[in-house]
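Heads up, the thing below is written out as C-alpha cells.
We did not get these values from a lab; they are worked out from the coordinates using the rules stated. Because the structure is a prediction, the values reported are computed rather than measured. Glycine gets a Cβ as well: all are built from the backbone with ideal geometry, and neighbour counts include every protein chain shown.
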Ligand code: AMP
C-alpha cells in the first residue's frame, strides 16, 4: 500500500569539509521519497517554485516517485543552506528561505486520500495536522519534527504527537521535547504523550527504538567515507516507512527490520552529496548492506 509524505522539496547549498554543492536537489520529502521508492511508489505532497529545475522532477520520476501532489507555484523554491565541520553530527544552518513554502496549505489529490501509510516530515506542525486531517483512514502515521517547532509550537506539536503512531526524531530533539536528559526516559515521556513507537536517531551512532514492551538499538553502518550527512534522517524515515508499507507488518520484529533498512538507506545517502547516493542503487546493493548490518550486530 502506498506511503504518502508531506515535507519540503528544496534547493540546498551545503558545505562540508569535503566539498560544496550549490542549489542541489534536497528537502525532507525528496530524501524520504527517493529512499522509500526502493520499496513502494511514494506519494509526495509539497510545493516548489517555477524556478525548480525540470531535471530534478525527472530524477524523482525516474525513481518511481508519484508527484501528482507536488504543486508548482509562481515564485521561488524553498532554499536551505548548511555547513558542517569535521564533526559531521554538528551543523550550522546558514539560511532558510521558505519562499513558496511560506503560504503553503497542502491539498491532497483525491487519489492520495486513501493512503494507508503517512509520513509527516519536518514542517510546521499545523501543516502536518492539515495533511493528516485529509487522509481518510490512515493505518500507520509517523512524524518528524525539529527544535524550532518544539520551542515555538509546542501545543500544536503535542496535539500532533497524540495522533501519530510513531515519531522519528534525533536525540537532542527528544531531550528538548521531554526535558529528560536520559533517552530511555525521554522515550517513555513521548509514549505517555500518546505516541507508542519512538525512534531516536543518534547520527553516526545509530538509533534507538522504543515500543511499550520492547526496545532495540541499531548501529550506524561503519562507513569509510562520509561526504554530506544532509538528509540522512529523512532517508532513514523513507527506508523505514517504505519497508513497513511494503510488508504491511507492524509487529516489533518487522519494525526492527524496517529500522535496519532505514539505516541502510541513510548510509548510502551520506556517502554522496545531495541525493546522489540514493537515486541509482540496485536492490542487490541494499540487500548486501542489510546482510552486513546483521553480521556486524550478531552475537550469541
Ligand atoms: P536532515 O539532514 O534530515 O535534517 O534534512 C535536511 C533537509 O531538510 C534539507 O534537504 C533541507 O532542505 C530540509 N530542511 C532544512 N530546514 C528545513 C525546514 N525548516 N523545513 C523544512 N525542511 C527543511
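Side notes on the structure shown:
- Taking the stretch 72-93 as the range and being in contact (Cβ under 8 Å) with a residue 40 or more places away in the chain, under 19 Å from residue 227 (Cβ atoms) and within 21 Å of the chain's Cα centre (by Cα) as the test, the residues that pass are 80, 81, 82, 83, 84, 88, 89, 91.
- Of the residues making up the stretch 94-106, just one is touching a residue at least 60 places away in the same chain (Cβ under 8 Å) and touching a helix residue (DSSP H, G or I) at 6+ places or on another chain (Cβ under 8 Å), namely 106.
- Candidates 239, 277 - the one that is within 16 Å of the ligand (Cβ to nearest atom), over 22 Å from residue 90 (Cβ atoms), in a helix (DSSP H, G or I) and out of contact with any strand residue (DSSP E or B) (no Cβ under 6 Å at 6 or more places or on another chain): 239
- Against the test of being under 25 Å from residue 110 (Cα atoms) and more than 14 Å from the ligand (Cβ to nearest atom), the options 31, 38 yield a single qualifying residue, 38.
Okay, residues lined up against (1) within 14 Å of the ligand (Cβ to nearest atom); (2) surrounded by 21 or more Cβ atoms within 10 Å (Cβ to Cβ); (3) more than 16 Å from the chain's Cα centre (by Cα):
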| site | (1), (2), (3) |
| --- | --- |
| 6 | yes, yes, no |
| 13 | yes, no, yes |
| 45 | yes, yes, no |
| 57 | no, no, yes |
| 60 | yes, yes, no |
| 65 | no, yes, no |
| 95 | yes, no, yes |
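Residues checked against (1) surrounded by 21 or more Cβ atoms within 10 Å (Cβ to Cβ); (2) within 27 Å of residue 20 (Cβ to Cβ):
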| residue | (1), (2) |
| --- | --- |
| 224 | no, yes |
| 230 | yes, yes |
| 290 | no, no |
| 297 | no, no |
